[in-house]
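Notes for the one structure printed next.
The values are calculated or read from the model by the stated rules, or taken from the named source; none is laboratory data. Model, not experiment: these values are computed from the prediction. Counting neighbours? That spans all protein chains shown, and the Cβs are built from the backbone with ideal geometry, glycine included. The protein model used for the area step is the full one, side chains on, heavy atoms only, and it has no ligands, DNA or RNA in it. Shrake-Rupley method; radii C 1.70, N 1.55, O 1.52, S 1.80 Å.
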Amino acid sequence: MDTMQMTLYDVLRMVIAFLLVITIVFINALVMGYLERKVAAKIQRRWGPMEVGLQGWLQMVLDGVKIIAKQLIVPRDADRVVFRVAPLLSFTPVVLPFLVLPFAKNLVGRDINLGLIFIIAVSSINVLSIFVAGWASNNKYSLFGAVRSVSQNIAYEIPILLSLLSVVLITHTYSMQGIVAAQGTVWFCLVQPVACLIYLVSATAETNRAPFDLPEAESELTAGYHTEYSGFGFSLFMIAEYANMFIVCAVATVLFFGGWHGPFSGEYLGVLWFLLKVFLLMLTMIWVRWTYPRVRFDQLMNLAWKYLIPFSLVNLLLTALIVKCI
Amino acid sequence: MSGYFSDLITGSKSLLVGLGVTLKALVSPVVTVQYPREKIDVSPAFRGHIDLMKDETTGTHRCIVCLSCMKACPCQCITVEGEKQEGVKGKVLTLFTLDFTKCSLCGLCVESCKPHAIDFSDEYELAGFSREEFFYDLLKRVKERA
């Protein structure tokens, strides 16, 4: 009877966590869509959305309603089933990592001891969904976008893994809560500045954000892999992109910026610090997007293979040496 | 290998400069004017359609019906008529119309006007639904303003 109660409790806990996570994903897309448009506007010294609601805050909600009401068009020569599956495939892997993110000391879906590996493994499914979408569209722009995305992700996943590993070498654990707990006094962005910088650059590339947004370079490929998607298919890709931003920034927060640590972060209040750090990082990503022009493909590859990977390898080796000596 | 580290340093420096430029733009005031709700002053060099100017001393227009604007107009869009009246020196203006559909805003009428009775107005919200809305009775307009 006792074990039965435990499993029931666990199932209930997971269901609630899942519902909360999906809510966070959708609200995050709304907030980030609004922030992106506002920050972009302010950088270009415009107003941005101003018409609906105070300062236009309802704009994204109305856009959502409009986009849901739109017709789902499947191109005639597309692979119908795969074409329909691809947006769902891009949405699923961005929801799962939220379950292991430590929002506060006692606010985490499930603290598994391989949390970091789980996040990296699940979020790399995203590139598969992009490739599936590009392939199923049966369109040269979509296919080019998909191929670019794959080669870009292969290049940038290596520095991400190497920079995260150099943190794991210090903490001796993959558990997200464990990594946060190890940063009670000093954040790892001070201990591992090179890894932190490499992670932030590669994470921008990993989420296909500007200046690394070659898979959806609108001047060359109309919209890249989601050219043929309309209505909710398109919006699922957009929601996934913003959720992906949240995940990479949350991982950066957990690994380099002390997670939920901060003044007055008790059992649950740490969530405010966590969200503050995540949103500051995401604002930085928006700021970067509206500052730099898109890189050329050879520049993209040069940056990864000539700079990020050697630097992260050296950093990893040095970290290993120092950890071993101490 | 040469230039590997110098590329890295100059590149990083220029990236930081770029971030500084956008940060400065982010905190500087917005330049967009929310047009229907707020308006900015029209430049004095703006050429609207012509209008009869009101003389502040007499409280009316200064037109002497010399018809030089009518003659100068290459589009023949100005019609001026006047008549002799008892006890008044010279002619008195009875009709001054502008067919703005034909006007090319060349300004020859304004240049030719010796008493400086006509000048460019600063009106720019001139959309209309019919041709007739652009046949202006300038005499009526100056009287309405008086």
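Conditions (1) within 14 Å of another protein chain (Cβ to nearest Cβ); (2) more than 16 Å from A:ARG289 (Cα to Cα); (3) surrounded by 15 or more Cβ atoms within 10 Å (Cβ to Cβ), marked per residue:
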{"residue": "A:VAL21", "(1), (2), (3)": "no, yes, yes"}
{"residue": "A:VAL25", "(1), (2), (3)": "no, yes, yes"}
{"residue": "A:ASN28", "(1), (2), (3)": "no, yes, yes"}
{"residue": "A:MET32", "(1), (2), (3)": "no, no, yes"}
{"residue": "A:ARG37", "(1), (2), (3)": "yes, no, yes"}
{"residue": "A:ALA41", "(1), (2), (3)": "yes, no, yes"}
{"residue": "A:GLU51", "(1), (2), (3)": "yes, yes, no"}
{"residue": "A:GLY56", "(1), (2), (3)": "yes, yes, yes"}
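So which residues in the range A:263-301 are over 22 Å from A:LEU214 (Cα atoms) and of a type in the set (Ser, Thr, Tyr), if there are any at all?
Once the filter is applied, which keeps residues that are over 22 Å from A:LEU214 (Cα atoms) and of a type in the set (Ser, Thr, Tyr), the range A:263-301 yields A:SER265, A:TYR268.
B:LEU23 is checked against (1) assigned to a loop (DSSP other than H, G, I, E, B); (2) surrounded by 13 or more Cβ atoms within 10 Å (Cβ to Cβ) and fails just one. What number does that condition carry?
(1)
Please find, within the range B:98-133, the residue that is nearest to B:PHE46 (Cα to Cα) out of those that are open to solvent by less than 40 Å² (accessible area, probe 1.4 Å) and assigned to a helix (DSSP H, G or I).
This residue is B:VAL110.
How many residues, within the range A:96-138, are touching a residue at least 12 places away in the same chain (Cβ under 8 Å) and open to solvent by 10 Å² or more (accessible area, probe 1.4 Å)?
Looking only at that region, the number is 27.
Quick check on the range A:263-305: of everything there that is within 14 Å of chain B (Cβ to nearest Cβ) and touching a Gly at 6+ places or on another chain (Cβ under 8 Å), which residue is nearest to B:GLY11 (Cα to Cα)?
A:TYR292
What are the pairs with Cβ atoms under 7 angstrom where one residue, in the range A:202-222, is farther than 17 Å from A:GLN299 by Cα and the other, located anywhere, is open to solvent by 10 Å² or more (accessible area, probe 1.4 Å) and assigned to a helix (DSSP H, G or I)? Sequence gap at least six, or different chains.
That search, which allows pairs on different chains as well, returns A:THR207/A:GLU241; A:THR207/A:ASN244; A:THR207/A:VAL248; A:LEU221/A:TYR141; A:LEU221/A:PHE144; A:THR222/A:TYR141.
Of the residues in the range A:180-195, how many are closer than 10 Å to A:SER163 by Cα and surrounded by 21 or more Cβ atoms within 10 Å (Cβ to Cβ)?
2
For the list (1) within 20 Å of the chain's Cα centre (by Cα); (2) under 29 Å from A:GLY262 (Cβ atoms), I need the number of the one condition that A:GLY145 fails.
The failed condition is (2).
Among residues belonging to the range A:60-83 that are open to solvent by 60 Å² or more (accessible area, probe 1.4 Å) and not in a helix (DSSP H, G or I), point out the one that is farthest from A:TRP135 (Cα to Cα).
Across the range A:60-83, the extreme among qualifying residues is A:ALA69.
Out of (1) out of contact with any Phe, Trp or Tyr (no Cβ under 9 Å at 6 or more places or on another chain); (2) part of a loop (DSSP other than H, G, I, E, B); (3) more than 14 Å from every other protein chain (Cβ to nearest Cβ); (4) open to solvent by 60 Å² or more (accessible area, probe 1.4 Å), what's the single condition that is false for B:GLY59?
Failed condition: (4).
Would you mind stating whether A:ALA41 is within 29 Å of A:PHE257 (Cβ to Cβ), within 22 Å of the chain's Cα centre (by Cα) and aliphatic (A, V, I, L, M)? It would help to see each step written out before you state the result.
Working: within 29 Å of A:PHE257 (Cβ to Cβ): yes; within 22 Å of the chain's Cα centre (by Cα): no; aliphatic (A, V, I, L, M): yes.
Criteria not met by A:ALA41.
Taking the range B:5-43, which residues are more than 14 Å from chain A (Cβ to nearest Cβ), without any contact (Cβ under 8 Å) to a residue 40 or more places away in the chain and not basic (Lys, Arg)?
Scanning the range B:5-43 gives B:ILE40, B:ASP41, B:SER43.
Residues of the range A:266-290 being open to solvent by 30 Å² or more (accessible area, probe 1.4 Å) and of a type outside the set (A, V, I, L, M), which ones?
Across the range A:266-290, the qualifying residues are A:GLY266, A:GLU267, A:TYR268, A:TRP273, A:PHE279, A:THR284, A:TRP287, A:ARG289, A:TRP290.
Please verify whether the range A:66-80 includes one or more residues that are closer than 24 Å to A:SER235 by Cβ, under 15 Å from the mean Cα position of the chain (by Cα) and of a type in the set (Gly, Ala, Ser).
no
Could you list, in sequence order, the residues of the range A:34-59 that are in a helix (DSSP H, G or I) and at pLDDT 85 or above?
Matches in the range A:34-59: A:TYR34, A:LEU35, A:GLU36, A:ARG37, A:LYS38, A:VAL39, A:ALA40, A:ALA41, A:LYS42, A:ILE43, A:GLN59.
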